[in-house]
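Each value in this text was obtained by applying a stated rule to the coordinates, not by laboratory testing. Because the structure is predicted, anything quoted here is derived from the model rather than measured. Neighbour counts run over all protein chains shown; Cβ positions are idealised from the backbone, glycine included.
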């Protein structure tokens, strides 16, 4: 399983995540409740958690190419919706677990 992680710095992570999940929910299966949620895409999944520092993202996929597609979709949507807040998503690849 491939894993990438990002921390999106924002003062209102729950509102940002709820907005993104609502937008992505038009195309994909999504869930957001109690400061946590996820987006299920064809290539993998992205978990979201609201932290005091910002929005933590964890993307998972069975292939590196799939992980890149999941990360790209989430990054583009977050940065587009958060353009006024200057949100920045920088993914970091995590060690694979067997």
In degrees, nearest 10, range 0 to 90: what is the angle between the Cα axis of helix 13-24 and the longest Cα principal axis of the chain? 60
Rounded to one decimal in nm, the spacing of the 7 Å Cα→Cβ label points at residue 62 and residue 81 is 2.7
Residue-averaged 222 nm ellipticity for the chain, from DSSP H runs of 4+ at -39500 (n - 2.57), nearest 500: -10000 deg cm²/dmol
Consider a paramagnetic label point 7 Å from the Cα of residue 22 along Cα→Cβ; state which residues of region 56-98 have an amide N under 17 Å from it. 77-85
Between residue 11 and residue 47, what's the calculated FRET efficiency when r is the beta-carbon distance and R0 is 22 Å? Round to 0.05. 0.55
